[in-house]
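Each remark here refers to the structure printed beneath this line.
The values are calculated or read from the model by the stated rules, or taken from the named source; none is laboratory data. Keep in mind that this is a model prediction, so the values were computed, not measured. No Cβ is skipped: glycine too gets one built from the backbone with ideal geometry, and neighbour counts run over all protein chains shown. These area figures cover heavy atoms from the full protein model, side chains too; ligands, DNA and RNA do not enter into them. Shrake-Rupley method; radii C 1.70, N 1.55, O 1.52, S 1.80 Å.
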Amino acid sequence: MTIEAFYPIGTPGKPWGEVEKVEWRSRQRKRRSYADDVLSTLERLRARFDEVQYGELDYAPDHYRLFALKSRDWNDALPIMLVTGGVHGYETSGVHGALQFADRHAADYAGGANVVIVPCVSPWGYERIHRWNPYALDPNRNFIAASAAPESAALMRFVAPFRERVLMHIDLHETTDTDESEFRPALAARDGKPFEPGAIPDGFYLCADSENPQPEFQQAVIAAVAKVTHVAPADPDGTIIGSPVVAPGVIEYPLVKWGLCAGITSARYRTTTEVYPDSPRATPEQCNAAQVAAACAAIEYALAHK
Ligand SMILES: [Zn+2]
């Protein structure tokens with residue numbers, strides 16, 4: 001694939017100002033419907049969960065209501081398991097994997113754990129198949145105090161009352177070819193930095209927390225996903241997207257320091273999935289199934305190692 005040397009917005013070497021951000025936003029088109037794809041499924045699931053509207057996004061002319069599903073048989077004596085998807089709206093299997101997990105498996109843990117599912121943190125990005133919000137901000141670098149990303153701020157406000165009681169948090173993501181063709185070049189352009197091409201790993205991997213890596217937990221998730229889809233091999237230099245591979249399919253990030261979603265609670269067990277939907281060896285169904293397998297394995301490991 002040929003990568004454009006310069007992103008078509010802004011001046012190379014100069015960070016974007018408001019004019020460039022407005023130009024970028026004007027190029028984003030609605031390409032699918034949050035109401036049709038997500039809210040309609042929530043409508044169907046509502047009978048089996050307590051549905052919470054935890055926030056809303058006013059991006060005129062668009063208005064998005066943000067929803068979470070909680071176990072109906074909530075018991076404060078039980079640990080909380082948090083499953084989040086769609087922090088990056090374009091990462092389709094994160095959203096549909098979270099919904100599929102809610103539909104098919106959340107009930108498996110009744111009596112053992114309270115489950116909280118937030119299937120689509122960034123609906124504006126879901127509809128535009130984009131990584132950023134309308135302010136050209138990546139929600140997944142903005143899980144920080146006084147966040148400028150309303151998607152991130154709303155989710156942090158929602159989890160604040162129970163963040164200390166979350167035992168496991170799994171945040172569902174994808175790594176896609178458009179990361180390299182569109183989103184990384186856009187990021188470099190936005191920040192006035194040169195774009196340095198990288199490689200997209202072919203397969204599933206996890207981002208653990210370098211400050212609390214829990215390697216056995218990560219391996220349990222990898223082992224479950226390996227039954228559904230292939231795990232990404234390390235590049236020849238022993239890395240996946242530039243980070244050292246610490247165990248098969250596992251890299252580490254400082255989740256809290258980088259303002260990543262998987263760092264928003266005090267969960268002992270935390271991880272970020274990265275499904276690769278552009279692989280010739282993976283179907284959309286397999287990608288959803290990989291997210292579901294990861295969520296189930298993560299909960300089961302946490303229940304067995306409380
Ligand atoms: Zn992502």
Pairs under 8 Å by beta carbon, first residue over 17 Å from A304 (Cα atoms) and surrounded by fewer than 17 Cβ atoms within 10 Å (Cβ to Cβ) in the range 216-230, partner modelled with pLDDT under 95 and not hydrophobic (A, V, I, L, M, F, W, C), six or more apart or different chains? none
Y253 in contact with a strand residue (DSSP E or B) (Cβ under 6 Å, 6 or more places away or on another chain) and in contact (Cβ under 8 Å) with a residue 24 or more places away in the chain: yes
For a quick check of your reading of the model, give me the residue pairs whose first member lies in the range 181-194 and is surrounded by fewer than 18 Cβ atoms within 10 Å (Cβ to Cβ), whose second is of a type in the set (D, E), with beta-carbon atoms closer than 8 Å and at least 6 apart or on different chains. A188/E196
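Count, please, the residues in the range 197-206 that happen to be part of a loop (DSSP other than H, G, I, E, B), surrounded by 18 or more Cβ atoms within 10 Å (Cβ to Cβ) and not small (G, A, S).
Going through the range 197-206 one residue at a time, the tally reaches 2.
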Just name the residue that is least open to solvent (accessible area, probe 1.4 Å) out of those in the range 240-249 that are touching a Pro at 6+ places or on another chain (Cβ under 9 Å) and in a strand (DSSP E or B). I240
For D103, are the conditions met, namely being closer than 27 Å to W16 by Cα, away from the ligand (no atom under 13 Å from the Cβ) and out of contact with any Lys or Arg (no Cβ under 7 Å at 6 or more places or on another chain)? no
Consider K257 carefully, then state whether it is modelled with pLDDT of 95 or more and basic (K, R). yes
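Yes/no matrix, rows are residues, columns are (1) farther than 20 Å from R281 by Cα; (2) in a loop (DSSP other than H, G, I, E, B); (3) in contact with a Pro (Cβ under 6 Å, 6 or more places away or on another chain):
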| site | (1), (2), (3) |
| --- | --- |
| F195 | yes, yes, yes |
| A208 | yes, no, no |
| F217 | yes, no, no |
| A224 | no, no, no |
| T229 | no, yes, no |
| A234 | no, yes, no |
| D237 | yes, yes, no |
| I251 | yes, no, no |
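Looking only at helices (runs of 4 or more DSSP H) that fall completely inside the range 1-107, which ones have 3 or more residues that are open to solvent by 70 Å² or more (accessible area, probe 1.4 Å)?
Here the list reads 18-26.
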Residues of the range 275-292 satisfying the condition of being open to solvent by 20 Å² or more (accessible area, probe 1.4 Å) and either touching a strand residue (DSSP E or B) at 6+ places or on another chain (Cβ under 6 Å) or of a type outside the set (K, R) (or both): Y276, P277, D278, P280, T283, P284, E285, Q286, N288, A289
If I ask for residues that are in contact with a Phe, Trp or Tyr (Cβ under 9 Å, 6 or more places away or on another chain) and within 14 Å of the ligand (Cβ to nearest atom), which ones from the range 122-142 would you list? S122, G125, Y126, I129, H130, R131, W132, N133, D138, P139, N140, R141
